[in-house]
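The values are calculated or read from the model by the stated rules, or taken from the named source; none is laboratory data. Note that this is a predicted model, so its numbers are computed, not measured. Every residue, glycine among them, receives a Cβ derived from its backbone with ideal geometry; neighbour counts consider all protein chains shown. All accessible areas refer to the heavy atoms of the entire protein, side chains included, with ligands and DNA or RNA removed. Shrake-Rupley method; radii C 1.70, N 1.55, O 1.52, S 1.80 Å.
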Amino acid sequence: MMKSVQNTSGDQSGYTRRKFIYKVSAVGARLALSTPFISRAAGFIKPQEQYTVKQVMDMFIKDVPGGALKETVDTLKTGNPDTIVKGIVTTMFATIAVIRNAIDLGANFIIAHEPTFYNHTDETEWLKDDKVYQFKRALLDKNGIAVWRNHDYIHRLVPDGVTIGVLDKLDWRKYTDKDTINILTMPPTPLKELIRHAKSRLIIDKVRYVGDPDQKCSRILFIPGAAGGQRQIQAIEQVKPDVLICGEIQEWETAEYVRDALAKGDNISLVVLGHIASEEAGSEFMLNWLKEKLPGIKTTHVPTANSLSFM
């Protein structure tokens, strides 16, 4: 069985913080707690209400199997790790529009899934004289906003937080293989209906595809994000799905492989959702995690939306 396929580019909880009552009687005292973070004050105990940027980061990393990584792109891109968090925004990309939203919301911590400065490692030396970079960096610095990229860690959750977030959005988690969440088995459905459903649930205007719209699809290989052509093609050969649904492709790799596979006579299709559309719900997963763990901090998901438009 194929292991879960991760990319290489990350249920809104109704949880409300409980009130804690400390009662003293002739018999003794009873204390009701639901959090390990406590402080004593004038006869009652309440949860910790202030967290630094680093504390929030460390809390999430603690939930990831294996803990902190020695090599990762999940670093603090701007801001001070000791900053007290006033509010958090989750998003795919910390765009200028998202930063302005964060400022309006009074948030000083953005948790983004993808790079902030236009390359995978957020290297900025090559951008030091670039006016767009300078404007964006100044906007962040002026408003004291910390940006943390949570990509490697959220993908290393078990199960993968991004994939689960998207499958929940699609209402497809019930179809996943018990050992490999990237493989789904559902009642035979025409390709055009799968596409219609994905567009509706993920709010996508148009998708690209290869295949017959009337092809009946039951076995689905779902790989969000940008796994790369070689991994996508190898996964197709190993899993032998009716359709690969992915985030993005190199047009000269996976699409050409599927086209040749169809010409050979294979029953295979390809649906390309777009990178952002295929992973946006991972940032909603992050939102829900924060609301559960840190109910006292205002947390908002700000969608990035597709940077590309269609004519």
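If only one of Thr116, Thr180 is in a loop (DSSP other than H, G, I, E, B), hydroxyl-bearing (Ser, Thr, Tyr), under 16 Å from Thr95 (Cβ atoms) and under 24 Å from the mean Cα position of the chain (by Cα), which one is it?
Residue meeting the stated conditions: Thr116.
Going through Asp160, Asp168 one at a time, which residue ends up being surrounded by fewer than 19 Cβ atoms within 10 Å (Cβ to Cβ) and either under 30 Å from Val73 (Cβ atoms) or touching an Asp or Glu at 6+ places or on another chain (Cβ under 8 Å) (or both)?
Asp168
Considering the range 131-146 alone, what residues qualify as being surrounded by 14 or more Cβ atoms within 10 Å (Cβ to Cβ) and in a helix (DSSP H, G or I)?
Answer for the range 131-146, where residues must be surrounded by 14 or more Cβ atoms within 10 Å (Cβ to Cβ) and in a helix (DSSP H, G or I): Tyr133, Lys136, Arg137, Leu139, Leu140.
Restricted to the range 271-311, and to residues that are of a type in the set (Gly, Ala, Ser) and part of a loop (DSSP other than H, G, I, E, B), which residue is surrounded by the most Cβ atoms within 10 Å (Cβ to Cβ)?
Per the criteria, the residue is Gly274.
So which of Ile203, Ile195 ends up being under 22 Å from the mean Cα position of the chain (by Cα), of a type in the set (A, V, I, L, M) and open to solvent by 60 Å² or more (accessible area, probe 1.4 Å)?
The conditions single out Ile203.
Restricted to the range 70-82, and to residues that are open to solvent by less than 40 Å² (accessible area, probe 1.4 Å) and within 16 Å of Lys142 (Cα to Cα), which residue is nearest to the chain's Cα centre (by Cα)?
Result: Lys77.
Determine, yes or no, whether Asp122 is open to solvent by less than 40 Å² (accessible area, probe 1.4 Å) and on the phi > 0 side of the Ramachandran plot.
yes
Among the candidates Ile154, Ile233, Ile164, Ile195, which residue alone is touching a strand residue (DSSP E or B) at 6+ places or on another chain (Cβ under 7 Å) and assigned to a helix (DSSP H, G or I)?
Of Ile154, Ile233, Ile164, Ile195, the one residue that is touching a strand residue (DSSP E or B) at 6+ places or on another chain (Cβ under 7 Å) and assigned to a helix (DSSP H, G or I) is Ile195.
Within the set of pairs 6 or more residues apart or between chains, which connect a residue that is farther than 16 Å from Arg219 by Cβ inside the range 229-242 to a residue that is open to solvent by 10 Å² or more (accessible area, probe 1.4 Å) and part of a helix (DSSP H, G or I) with Cβ atoms less than 7 Å apart?
Pairs found: Ile233/Tyr257.
Keeping to the range 247-269, report how many residues are assigned to a helix (DSSP H, G or I) and either in contact with a Gly (Cβ under 6 Å, 6 or more places away or on another chain) or buried (at least 19 other Cβ atoms within 10 Å of the Cβ) (or both).
4
Determine, yes or no, whether Glu292 is more than 16 Å from Asn182 (Cβ to Cβ), of a type outside the set (Phe, Trp, Tyr), out of contact with any Asp or Glu (no Cβ under 9 Å at 6 or more places or on another chain) and at pLDDT below 95.
no
Looking at this structure, is Ile236 out of contact with any Phe, Trp or Tyr (no Cβ under 6 Å at 6 or more places or on another chain), open to solvent by less than 10 Å² (accessible area, probe 1.4 Å) and β-branched (Val, Ile, Thr)?
No.
Can you confirm whether Val56 is open to solvent by less than 70 Å² (accessible area, probe 1.4 Å) and not in a helix (DSSP H, G or I)?
Against the criterion (open to solvent by less than 70 Å² (accessible area, probe 1.4 Å) and not in a helix (DSSP H, G or I)), Val56 does not qualify.
Within the range 165-186, can you find the residues that are in contact with a Ser or Thr (Cβ under 9 Å, 6 or more places away or on another chain) and not charged (D, E, K, R)?
Result: Gly165, Val166, Leu167, Tyr175, Thr176, Thr180, Ile181, Asn182, Ile183, Leu184, Thr185, Met186.
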